[in-house]
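**Q** Have a look at this one.
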Amino acid sequence: MTDQTIEQKVKNFLVRDLNLPDTLERDQPILTSGLLDSLSVIKIFMLAEVEFGITLSALDFSQEAFDTVAGISELIQDKIG
């Protein structure tokens with residue numbers, strides 16, 4: 001799976017399921033800006049498992065990784081290998 005495919009799936013999820021704006025940019029802060037809350041982060045963990053077949057743990061969470069579409073996508077790509 002390509003980086004672009006992962007990033008597009010993450011963005012689509014954030015817009016469709018978490019009601020983030022469809023104008024969301026890849027490097028736009030979403031956690032530190034308050035667009036994501038703790039429940040949203042849990043839903044992203046679930047997305048990783050269902051959509052990408054990987055399991056994220058609490059050790060994978062960081063503000064930096066979850067603050068942008070690009071960061072979330074990079075974390076998922078790293079876990080996929």
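**Q** Starting from the Cα gyration tensor of segment 3-80, take the square roots of the eigenvalues, sort them a ≥ b ≥ c, and report rounded, prolate or oblate (rounded when a/c is under 1.5, otherwise prolate if a/b is larger than b/c, else oblate).
**A** Working: a/c = 1.41, a/b = 1.21, b/c = 1.16.
Rounded shape, in that the Cα axes give a/c under 1.5.
**Q** For a quick check: with amide H placed at 1.01 Å from N, whose amide H comes under 5 Å from Leu36's, ignoring anything fewer than 5 positions away on the same chain?
**A** Close amide H contacts, sequence-distant or interchain: Leu31.
**Q** Could you order the peptides 68-74, 3-9 from most to least packed, using the average number of other C-beta atoms within 10 Å per residue?
**A** 68-74, 3-9
**Q** Rounded to the nearest 0.05, what FRET efficiency do Gln4 and Ala58 have when you use their Cβ-Cβ distance and R0 = 41 Å? Intermediate results must be reported in sequence, preceding the final value.
**A** Details: r = 28 Å, r/R0 = 0.69.
FRET efficiency, Gln4 to Ala58: 0.90.
**Q** Still on this structure, I have one more. Would you mind calculating the gained length between Thr32 and Leu18 on full extension (0.36 nm times residue separation, minus the Cα-Cα distance), in nm to one decimal?
**A** 3.5 nm
Every number here is computed from the coordinates shown, using simple stated rules; none is lab data. Here the structure is a predicted model, which is why all the values come from computation and not from measurement. As a convention, Cβ positions derive from the backbone with ideal geometry for all residues, glycine included, and neighbour counts pool all protein chains shown.
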